[in-house]
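Let me begin by presenting the structure, written as structure tokens, before commenting on it.
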Amino acid sequence: MANGDITKVEEYDKIEVVNAWAIQVRKATKIMEENADGSLTELSSSFHRHVLQPFISSEDADGDWTHAATDISGEAASVQAIANAAWTDAVKNAFKAMREAQGS
């Protein structure tokens, strides 16, 4: 970069596990300008948040449940690593039990 150059920086600045299975993800997008001394000044920032759960669950008319695994292949490597570590078999089973207890 040269003095006055503008660049866009994206980073996953918060990845939190809530209730053992919900993963809250926040991606920060920052617009930065390089100063004459090489340091950067943040001109603006915005955030995108989303929550991941291990399954998308649904109940059919007969009361049978389907739990489709959430596809995390499009998530950042850091998000995937946390999801894979947090979503143990015990956590997945607890999530399914919770969803079925809630009903549709």
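Computed values, structure above
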quantity	calculated
Residue with peak Gaussian network fluctuation, the chain [Cα springs, cutoff 10 Å], from Ala81, Ala94, Ala61	Ala61
Highest-fluctuation residue, Asp71, Asp37, Asp60 considered, GNM on the chain with Cα pairs under 10 Å	Asp37
Length released on extending from Ala76 to Asp37, taking residue separation times 0.36 nm less the Cα-Cα span	10.8 nm
Segment Ser45-Asp64, length gained on full extension (0.36 nm per residue, minus Cα span)	2.3 nm
Highest-MSF residue in the chain out of Asp13, Asp62, Asp89 [GNM, Cα springs under 10 Å]	Asp62
Crossing angle, helix 89-102 versus the chain [Cα axis fit, 0-90 degrees, rounded to tens]	70 degrees
Point-to-point label distance, Met98-Ile56, nm (Cα→Cβ direction, 7 Å offset)	1.9 nm
Simple spin-label estimate for Ala28 and Asn3 in nanometres, 7 Å along Cα-Cβ	2.7 nm
Helix-only mean residue ellipticity at 222 nm for the chain, each DSSP H run of n ≥ 4 adding -39500 (n - 2.57), per residue, nearest 500	-7000 deg cm²/dmol
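Throughout, read-outs are computed from the coordinates displayed, never taken from laboratory work. Source: prediction; values computed, not measured. Positions of Cβ are backbone-derived with ideal geometry, glycine not excepted, and every protein chain shown enters the neighbour counts.
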